[in-house]
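I have placed the structure first, in the form of structure tokens, so that the comments after it can refer back to it.
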Amino acid sequence: MSIPTVLSEAESDLLDTTRRVLGANLSEFLLCGLGEPHDSRRRYTARSIREHGPGLVYHLEAVGESEKGLPGGRDPLVMAALLHLLWMGERGRDEVVFCDEELLERLSWPDTPESRRLISEAVERYYCTAYRRTSTEPLGAGGGERYSSCVQKLVPSYETTEEWLSGPANEVRKSTIVQFTPKFLEEVSGTEKYFLGLNFEKLGQLKRNTAEVADANSPNQT
């Protein structure tokens, strides 16, 4: 993971909290791209941990479904702040409702048009990101193999509302509702961390596609 700038204390705290709640593997997968370009695809492999015999190899990838690409740059920090709001919210709800000022305060970012733009674009990129898991395993003595795949979104929908108030200040009030995948909070709150129908705590360390890592760290990338 390439991080071009030093993180603030608030940003580091948000990432640390996310890692504690999601675990190392799932937080690495869902918050991938910190400090990186907005690529169209990122791939990982991981082997399941079994008591007997070799584990099953899973291929995991994040795919950008729009021309804006995958979350990158400081987008994962915005997601970490949104997840913090989700965990602090009403139990059983899969959505967060926030105004830009609230999220900027949690991130300790200045209240500028640029900061607000970063939040808006981060939400859009996560909405336009699909996560995929595939695996293939032999069927045993009879021959043949079983292929399994699953596609899921972390943010299946979002809604924004703006109120343009009349008056000399031309005040604009904006609120955003971010809907997380159903039961996401329930499936990551315990010792097991499920996403894509897979317990990420039962995987070995995720391995990033080495070619993609090299491309992300290339000085020619902007």
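Brief remarks on what is shown
- Rounded tilt (10° steps) of 9-30 against the dominant C-alpha axis of the chain: 30
- For the range 9-216, the calculated P(r), taken from all Cα-Cα distances in 10 Å bins from zero up to the bin holding the longest distance, is 8, 32, 34, 17, 6, 2, 1, 0 percent.
- Relative exposure of 191, 18, judged by other C-beta atoms within 10 Å (fewest first): 191, 18
- Count, lysine Cα pairs under 23 Å in the chain, 8 or more residues apart or across chains: 10
- In the range 1-127, the ratio of gyration radius to Kirkwood radius, Rg to Rh, stands at 1.01 when only Cα atoms are counted.
- Gaussian network model of the chain, Cα within-10 Å springs - most flexible of 182, 71, 138: 138
- In summary, the range 106-185 shows an alpha-carbon radius of gyration equal to 1.84 times the 2.2 N^0.38 Å reference for compact globular proteins.
- The chain: most fluctuating residue of 90, 187, 36 per GNM, C-alpha cutoff 10 Å: 90
Computed from the coordinates by the stated procedures, all read-outs in this text should not be read as laboratory data. Treat the numbers as computed from the prediction; the structure is a model and nothing was measured. Quick reminder, even Gly has a Cβ in these numbers, built from the backbone with ideal geometry, and neighbours come from all protein chains shown.
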